[in-house]
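**Student:** There's a structure below that I have some questions on.
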Amino acid sequence: MSGPKALWLRVPRRGWLVVGALAMAIVGVGIALRFDRPSAAEEARPAAADEAKPAVADEAEPPAPDEPKPAAAAPKRQTPAEADAALEALFKGRGRSLADAPKFVVLPRKDSLAKYPCTKCHDNSFVDRRVRPLVEEHRDLVFEHGGGRFWCYESCHSERNIDSLVSLRGRPVDYDESYKVCGQCHSQREKDWHFGGHGKRAGAWNVASDIPLTAAELLVTERERIGTWRDERTRLNCTGCHDAHSPSFKPMKPSAPPSVRPGIAPASPTRHVEPKVWEHNRIERKVR
Amino acid sequence: MTATLARFVLGGSGLLFRGGRLYWSWIAVLWVAILVGGAFYARQVTEGLIVTGMTDQVSWGAYIANFTYLVGVAAAAVMLVIPAYVFHRDDIKHVVLIGEGAAVAAVIMAMLFVVVDLGRPDRLWHMIPLLGRFNFPSSLLAWDVFVLNGYLLLNLAIPFYILFAHYRGREPRERTYFPWVLVSIAWAISIHTVTAFLFSANAGRPFWHTAVLGPRFLASAFASGPALILLSLQVIERVTPFRVRSAVIDFLALVVTVALQINLFLVGVEMFTEFYAATEENHAATYLYFGLHGAWRLVPWIWTAIALNVVAVTVLTIHPLRRRRWLLNGACALAIVGVWIEKGMGLIIPGFVPTPLGEILEYAPTSGELFVSLGIWAVGALVFTLLTKVAIAVELGQLRDPGAAGGVREGTRS
Amino acid sequence: MAESQGLSRRSVLTKGGLVAAVAALGGAGVAVAQAEKIAQGDAGVVSDAFGSFFQRHYKKMSSDEILAAIARIERRAKRRHGADIDVGNEPPLDGVVFGYAINISKCKGTRRCVDACVAENNIGRDSGIQYIRVLELDQGGLDLDRSDHYYDVDAVPQAGKYYLPVQCMQCDNPPCVRACPVEATWMERDGIVVVDYDWCIGCRYCQTACPYWARHFNWANPSLPAGEVNPDTHYLGNRPRPNGVVEKCTFCIQRSRKGLQPACVEACPTGARIFGNLLDPDSELRSILATKTVFRLKEDLKTEPKFWYYTD
């Protein structure tokens, strides 16, 4: 039974050490090479550097010559409805559009406007577009909106129908949908409002200025008045909280500060004012 | 057996009513303090905790401060148990029962301080497992209740077994009690570690949320507890025929010395970590040591405590000074008071100032709190007195089973 | 020998009797004090006192026991505050986990939310407890140490300041729940961390554990004027609380489990507060969390608050 030993038995121990070291070296080099390969992200990114040429060069480029100019044909007239539909189709599905917002109901405004309908006093045939202080009527109206860029008509109020607002494109906007006018300039706010990051749901107090001052009055015993966090959203219009002509919130008197537990003297107020870092930074910065 | 047990209990109880003028005047003083404290506690139970100085901002005060300190004193009995039973030092074995009596008194005081701190002590049964709901092992307070009760049982059972054996004129069987002694050694470390975890578990309170709190607790416990035992042993020597070998006093003095050195080192470590990179996490430590935005009430307390500890450790470290008994006693007294301030008010209150929302409201205990605290300390002193009275009588051979061979000897005045 | 034993036995009995008498007197004193306290609250109705003493944990009670407990609470409210209240026990709604967001660009520090909360939740008027605390901070940083809790000015917002209201964050990983030794506080299925006020022993360890200072303690008997009691209550929410227990914001559990908005959300004059269901991807709250600059307080503590702050 003792024939010649198999080859692998005849190799001395040193030999196996060399083989093992070689194997580990190969494996190690293989691993290092694997990490050296570009990552998937790098592979996906095209050689974009070539394509992103600075746009400056293009401006100097003259328009393509030798192209026959087409005869200027009169474009077909679009009805307002067709225009609206075309706009909606153009902007559908572009990012987070207002159409993606969960449906909600807007609390109507017209029934809470004291001076509506405006045709009680206004005659749509006579329009006074002059910019002047309003001394005969609308005397309590404080106008602090727009920074001097606009006046009543065709900025927000319609000339052709005083009972309606008007958009930048000249389309009429109902008073109950006044957010469509505000959202033209305050588009980010309108988007927040549609999705819930701005504004309030209708609830116990639907006008911010009506919220009572004392704690006892803030107790709502008629639970039907309280708003819900679920079910269909009923949101307040922009003008439900903001005065359209002077929209920024005015400072209010805050409720009383908290008290310490009875029987304990309150701590004497120490208004510790720490200087800002640029005020107490004493290191001279030498400019080279 | 039960007859002997009954005789032991009755004989021991009867012994408690035999004493001289000094004994009875001491008991009377204690009872006055207890009853006054009880009256103030009754007022607290009626009106609520509003009679204390605690607020939502500082919701733990003098009661929990005393509780923390006393758990440390209770743990310190282990410093006598280890040399007595593990290293078989007979001189310390002679006094170990006194140490365990002190531990029992301290644990009872600690538990009483927790009870008087509760807003609804009538609902204490809610903590009993199965009957109520015991939030173990999640709540550190549940852990604390568990380990304190276990420690109390251990420190009642083991000395009871040993004393009962001595009462019958026999030696207790080492095989019976030694495993439990080992358990009680580990348990003693655990009660104070769990109490430290009670505080360091609060991630929202950076003053306590430090790993060094456990070691600090143990170091200060082993500084103050043996100091108290040391002083009590000398008082016992003065008023009873019980003799304590001076080697025991020297050993305890050495324990106090080393523990106090370690404690001061840990305080220094804590101060460095808090103040080197002055982040806002150290605002509580700033309040404690230097005052914060005009709130300074704790500053004199903590520096007094540090001064007392430094003086004490200096006296104790210098060997010739430690050898003089009056200097030793003075240093121990300073250490007891210093550790009490540093671990009690100097640890609990800064954990609450400023609040997690940055508000600073200081705390001062009311007179009601002080009287209730004094009453509980008096309860502890009473328990200690009664337990040691019986233990000493048994150890001196004055209380013996009349049914046994030796018969009873008329006890001398103790 | 027997004689000396007999003498000692007699002396034991007499002296033991004396001690027992003194102890009994002391114990009687405490018992009288306790009975007085009960009497102050329960006007001598002993059966209610016994019933509430043996009342079990909310999660362990059968529905009959809960009804009995609710009846006791209603009777006690009538005796103490002179008000007829209705204590509900609505369970958590399915598929709902409540969340909250505050827009700190809009908060002006008016503290109307604080007042509405006190009114809605039957908080003791003289205890000074307020679940919501509005912090006034200097613009340029979020340093709670430099916040002013007690600002008392004629008009808010003050220049150079912004306002940060803080209340219970209803953490998903609440340290207070871990801390309570008797499980008197726990997180319900809809995410609200509640307290069983009839189980709490008043140890205040939860108050110590809370990193947001959101839990408050009844240091005295809460007093409520009869005309200001909110009769629509929930057992785990705004039912009148006894002395010596911890309470906190419950996202108006008596309202939110019926689909209504919490009082603070209603009362905010600037619409800075948003409340909703975190599990509903169409909710206002989820859209805010997806699109706005959002942060939570003390995120590094990993308490996972269900209370966010965002800016416009």
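The values are calculated or read from the model by the stated rules, or taken from the named source; none is laboratory data. Everything numeric here is computed off the predicted structure, so don't read it as measured data. Neighbour counts are summed over all protein chains in view; Cβ atoms, including those assigned to glycine, are modelled from backbone coordinates with ideal geometry.
**Student:** Being away from chain C (no Cβ under 12 Å) and at pLDDT 90 or above, is that true of even one residue in the stretch A:254-266?
**Tutor:** Start the filter on the stretch A:254-266 by keeping residues that are away from chain C (no Cβ under 12 Å), which leaves A:265.
Filter once more, so that each one left must be at pLDDT 90 or above: none.
No: the stretch A:254-266 contains no residue that is away from chain C (no Cβ under 12 Å) and at pLDDT 90 or above.
**Student:** Now for a different question. List the number of the failed condition for B:LEU130; all other conditions in (1) in a helix (DSSP H, G or I); (2) aliphatic (A, V, I, L, M); (3) more than 24 Å from B:ILE185 (Cβ to Cβ) hold.
**Tutor:** (1)
**Student:** Does A:VAL220 fit the bill of being under 24 Å from the mean Cα position of the chain (by Cα) and either surrounded by 14 or more Cβ atoms within 10 Å (Cβ to Cβ) or within 14 Å of chain C (Cβ to nearest Cβ) (or both)? Quick ask: steps written out before the conclusion?
**Tutor:** Values: under 24 Å from the mean Cα position of the chain (by Cα): no; either surrounded by 14 or more Cβ atoms within 10 Å (Cβ to Cβ) or within 14 Å of chain C (Cβ to nearest Cβ) (or both): yes.
Here the answer is no, as A:VAL220 does not meet what is asked.
**Student:** So which residues in the stretch C:282-296 are at the interface with another protein chain (Cβ under 9 Å from one of its Cβ atoms) and in a loop (DSSP other than H, G, I, E, B)?
**Tutor:** Of everything in the stretch C:282-296, those that are at the interface with another protein chain (Cβ under 9 Å from one of its Cβ atoms) and in a loop (DSSP other than H, G, I, E, B) turn out to be C:ASP282, C:SER283, C:LYS292.
**Student:** Working carefully through the options B:VAL36, B:VAL29, B:VAL9, find the one that is in contact with a Phe, Trp or Tyr (Cβ under 6 Å, 6 or more places away or on another chain), surrounded by fewer than 18 Cβ atoms within 10 Å (Cβ to Cβ) and part of a helix (DSSP H, G or I).
**Tutor:** On the way: B:VAL29 fails: in contact with a Phe, Trp or Tyr (Cβ under 6 Å, 6 or more places away or on another chain); B:VAL9 fails: in contact with a Phe, Trp or Tyr (Cβ under 6 Å, 6 or more places away or on another chain).
Criteria check complete, one pass: B:VAL36.
**Student:** For A:TRP205, which of the numbered conditions (1) more than 10 Å from chain C (Cβ to nearest Cβ); (2) surrounded by 15 or more Cβ atoms within 10 Å (Cβ to Cβ); (3) out of contact with any Lys or Arg (no Cβ under 6 Å at 6 or more places or on another chain); (4) at pLDDT below 90 fails to hold?
**Tutor:** Against the list (1) more than 10 Å from chain C (Cβ to nearest Cβ); (2) surrounded by 15 or more Cβ atoms within 10 Å (Cβ to Cβ); (3) out of contact with any Lys or Arg (no Cβ under 6 Å at 6 or more places or on another chain); (4) at pLDDT below 90, A:TRP205 comes up short only on (1).
**Student:** Then there is this: Among B:LEU266, B:LEU288, which is assigned to a helix (DSSP H, G or I) and closer than 26 Å to A:GLU274 by Cα? Can you show your working first?
**Tutor:** Details: B:LEU266 fails: closer than 26 Å to A:GLU274 by Cα.
It is B:LEU288.
**Student:** Please work out if B:TYR363 is within 14 Å of chain C (Cβ to nearest Cβ), surrounded by 22 or more Cβ atoms within 10 Å (Cβ to Cβ), aromatic (Phe, Trp, Tyr) and in contact with a strand residue (DSSP E or B) (Cβ under 8 Å, 6 or more places away or on another chain).
**Tutor:** On the way: within 14 Å of chain C (Cβ to nearest Cβ): yes; surrounded by 22 or more Cβ atoms within 10 Å (Cβ to Cβ): yes; aromatic (Phe, Trp, Tyr): yes; in contact with a strand residue (DSSP E or B) (Cβ under 8 Å, 6 or more places away or on another chain): no.
So B:TYR363 does not fit the description; no.
**Student:** Looking at the structure I just gave you, is B:PRO159 surrounded by 16 or more Cβ atoms within 10 Å (Cβ to Cβ), more than 14 Å from every other protein chain (Cβ to nearest Cβ), touching a residue at least 12 places away in the same chain (Cβ under 8 Å) and closer than 30 Å to B:GLU280 by Cα? Working first, answer last.
**Tutor:** Numbers: surrounded by 16 or more Cβ atoms within 10 Å (Cβ to Cβ): yes; more than 14 Å from every other protein chain (Cβ to nearest Cβ): yes; touching a residue at least 12 places away in the same chain (Cβ under 8 Å): yes; closer than 30 Å to B:GLU280 by Cα: no.
Taking the combined requirement at face value, the residue does not satisfy it.
**Student:** Oh, and also: Mind checking which residues of the stretch C:41-88 are touching a residue at least 60 places away in the same chain (Cβ under 8 Å), surrounded by fewer than 17 Cβ atoms within 10 Å (Cβ to Cβ) and in a loop (DSSP other than H, G, I, E, B)?
**Tutor:** C:HIS57, C:LYS59, C:GLY82, C:ASP84
**Student:** Right, here's the next one. Take B:SER190 and decide whether it is in a helix (DSSP H, G or I), away from chain C (no Cβ under 14 Å) and surrounded by 23 or more Cβ atoms within 10 Å (Cβ to Cβ). Show your work before the answer.
**Tutor:** Numbers: in a helix (DSSP H, G or I): yes; away from chain C (no Cβ under 14 Å): yes; surrounded by 23 or more Cβ atoms within 10 Å (Cβ to Cβ): no.
Here the answer is no, as B:SER190 does not meet what is asked.
**Student:** Residues of the stretch B:26-45 being away from every other protein chain (no Cβ under 12 Å) and within 20 Å of B:ALA393 (Cα to Cα), which ones?
**Tutor:** Residue satisfying the conditions is B:TRP26 alone.
Residue-wise test of (1) at pLDDT below 95; (2) more than 10 Å from chain C (Cβ to nearest Cβ); (3) in contact with a strand residue (DSSP E or B) (Cβ under 8 Å, 6 or more places away or on another chain); (4) surrounded by 23 or more Cβ atoms within 10 Å (Cβ to Cβ).
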residue: B:VAL73; (1), (2), (3), (4): no, yes, no, yes
residue: B:ALA77; (1), (2), (3), (4): yes, yes, no, yes
residue: B:LEU80; (1), (2), (3), (4): yes, yes, no, yes
residue: B:PRO83; (1), (2), (3), (4): yes, yes, no, no
residue: B:ALA106; (1), (2), (3), (4): no, yes, no, yes
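**Student:** Okay, moving on. Go through the stretch C:158-185 and give me each residue that's closer than 17 Å to C:CYS107 by Cα and surrounded by fewer than 20 Cβ atoms within 10 Å (Cβ to Cβ). Before the answer, list the steps.
**Tutor:** The initial filter retains those residues of the stretch C:158-185 that are closer than 17 Å to C:CYS107 by Cα, namely C:158-167.
Scanning the stretch C:158-185 gives C:GLN158, C:ALA159, C:GLY160, C:LYS161, C:TYR162, C:LEU164.
**Student:** Something else about it: Of all residues being more than 7 Å from every other protein chain (Cβ to nearest Cβ) and touching a residue at least 40 places away in the same chain (Cβ under 8 Å) in the stretch C:128-138, which is nearest to the chain's Cα centre (by Cα)? Just the residue, please.
**Tutor:** The first filter runs over the stretch C:128-138 and keeps only residues more than 7 Å from every other protein chain (Cβ to nearest Cβ), leaving C:129, C:131-132, C:134, C:136-138.
Retained after the next criterion (residues that are touching a residue at least 40 places away in the same chain (Cβ under 8 Å)): C:129, C:131-132.
Details: C:ILE129: 10, C:TYR131: 8, C:ILE132: 12 Å.
Top of the filtered list is C:TYR131.
**Student:** Here's another thing I want to ask about it. Being charged (D, E, K, R) and either modelled with pLDDT under 95 or buried (at least 24 other Cβ atoms within 10 Å of the Cβ) (or both) is the filter here; which residues of the stretch C:259-285 pass it? Reasoning before the result, please.
**Tutor:** Residues of the stretch C:259-285 charged (D, E, K, R): C:266, C:273, C:280, C:282, C:284.
C:GLU266, C:ASP280, C:ASP282, C:GLU284, listed by residue number.
**Student:** Quickly run through the stretch A:215-233 and pick out the residues that are among the hydroxyl-bearing types (Ser, Thr, Tyr) and in contact with a strand residue (DSSP E or B) (Cβ under 7 Å, 6 or more places away or on another chain). Explain how you work it out, then say what you get.
**Tutor:** In the first step, residues of the stretch A:215-233 are kept if they are among the hydroxyl-bearing types (Ser, Thr, Tyr); the result is A:221, A:228.
Matches in the stretch A:215-233: A:THR228 only.
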